Each structure stands twice: as C-alpha cells, then as structure tokens.
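Worksheet: the structure to be examined is printed underneath.
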Amino acid sequence: VEPVAGNMGCIPPVEGFLAGLRDLCDGAGALLIFDEVMTGFRVGPASAQGRYGVTPDLTTLGKVVAGGTAAAVYGGRADLMRMIAPDGPVYQAGTLAGNPLATAAGLATLRYLAEHPELYDRLEEAGAEVRRRLETAMDGAGIPGVVHHVGGMLGVFLGVDRVATWDDVAGLDTGLFGRFFRGALARGVLLPPSAYEAWFLMEDHLDGDLATALDALEEAIAEAGG
C-alpha cells in the first residue's frame, strides 16, 4: 500500500488507517509492505513511515533514493531480508543491480538531505503556501476544489469538495483540469498532464520560481473558471 496515495493525486491517510493496517496484518500473520517510491525521503527524513509512526515489514523505494536516476530499492525486517540469496532461498537479480551511477547519485542525495534537515521544513511551508494560494484562487473563481499536501508532495483536485478515497477522485472534472493545464502551460508552467498525478516540489523551486509559478497558476485558475 502507498502510505500516502500518489497514483490518484496526493491523498494523505486518514487518522488511524495505517495503524489499523498494521494491526490487521499482525493479527493475520501477514506482511505489511509500504510502497514508498514516491514518499521515500520526500515527505520526511524517515519517509512516510517515520512521519506517521507506523513501521512496515518491507519497504520499496525509488526516485529520491536514487537521486533522480533509474534505481529501485527494497528493504525490511532482518529475518525477511535473510531470505534473499545468497543468504536464503529467494533468488533476485537485475540488470542494473548495484549500478554505479545510480548508487553514487543516491548516496550523494541522501547525504545532502542528512546534512540539510531544514529542507523538510522549507518544503512543508512551501506546500502549505501552494495549498493556501490555489484554494483561495479556486474560491475566487467559483471553482470547487481541494488541495492536499504532505511536505512538498501535492495533489490538486478540481471539481470536487472533498477527496479521501478513489470514489472521490473519480468525480474530478477532467475538462476543467484540461483548461487549467493549458492555461498554466501558456504562462510557462508545465504541470503533470493528468488530473490524477501528484505534484512534487524540490529545493530549486523555492527561491523565486515557486512565487512566479503561483502567480501564473492563479491566473490559469481564474481563466479556467471563466
């Protein structure tokens, strides 16, 4: 499970959901696996599991952990990892396993994050500012909409008043999003081209670019609602 949904926009877990999954898995003798490919080292220094205080049995990682290069990582409880060859009977291999470029980029990224923990606070503040300004713009344009953020991970949902489940996401106004997307693009801001994609902030956005982009997005929202 994604601890923060990212493949239908950014949807944080409702309170108690992840802890409830942990209890259910413990009771059934099942493994709890977190897909932190999007959230890993993005929503906090200990990823989503650290942010929400729920430890899975296994975790999958990508993206940030590879410094933007092509790599995938998994890890978890020591007894489970000892099942992997050569220590155990479960064989796994990959063409790019241990790729030097991806490994070097990932290590450099993780070291940078460890040396600059204040970056997470800056991304949290930036995500809150994006939410505030876009929701204010939606209100001004008479557009129903919701903006979620977890750190620098964002979900912008147009045409709905609340988003907590896939059923809510299914009610998005994709035509409205299309007008918003094209309006943003005409103003020099390239957004994810789907209403169902999460948005991500990074450090390079924070010094000037974000303010410029938000001005353009406010105009695009007003135009889309006109």
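The values are calculated or read from the model by the stated rules, or taken from the named source; none is laboratory data. Predicted model, so just to flag it, every value in this text is computed and none were measured. Cβ atoms come from the backbone with ideal geometry, glycine included; neighbour counts cover every protein chain shown.
Which of the helices (runs of 4 or more DSSP H) contained wholly in the range 139-226 include at least 3 residues that are surrounded by 16 or more Cβ atoms within 10 Å (Cβ to Cβ), over 15 Å from the mean Cα position of the chain (by Cα) and free of Cβ contacts under 8 Å to residues at least 60 places away in the same chain? I'd like the intermediate steps shown before the answer.
Working: elements: 166-169, 174-186, 209-225.
Result: 174-186, 209-225.
Every residue, every condition in (1) buried (at least 22 other Cβ atoms within 10 Å of the Cβ); (2) touching a residue at least 60 places away in the same chain (Cβ under 8 Å); (3) of a type in the set (A, V, I, L, M, F, W, C), yes or no:
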site	(1), (2), (3)
Asn7	no, yes, no
Gly40	yes, no, no
Ala46	no, no, yes
Leu58	no, no, yes
Taking the range 91-130 and the residues there that are modelled with pLDDT of 95 or more and part of a loop (DSSP other than H, G, I, E, B), the one that is farthest from Cys10 (Cα to Cα) would be His116
Sole miss for Gly50 among (1) farther than 14 Å from Val150 by Cβ; (2) free of Cβ contacts under 8 Å to residues at least 60 places away in the same chain is condition (1)
Checked pairs for the range 82-95, first in the same structural domain as Leu58 (by TED's automatic domain parsing), second in a loop (DSSP other than H, G, I, E, B) and among the basic types (Lys, Arg), C-beta under 6 Å and 6 or more apart or across chains, list as Gly88/Arg82
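Taking the stated definitions as given, is Val156 within 16 Å of Ile11 (Cβ to Cβ), out of contact with any His (no Cβ under 9 Å at 6 or more places or on another chain) and either of a type in the set (A, V, I, L, M) or not assigned by TED's automatic domain parsing to the domain that holds Leu210 (or both)?
Numbers: within 16 Å of Ile11 (Cβ to Cβ): yes; out of contact with any His (no Cβ under 9 Å at 6 or more places or on another chain): no; either of a type in the set (A, V, I, L, M) or not assigned by TED's automatic domain parsing to the domain that holds Leu210 (or both): yes.
Judged against the criteria, Val156 is not a match.
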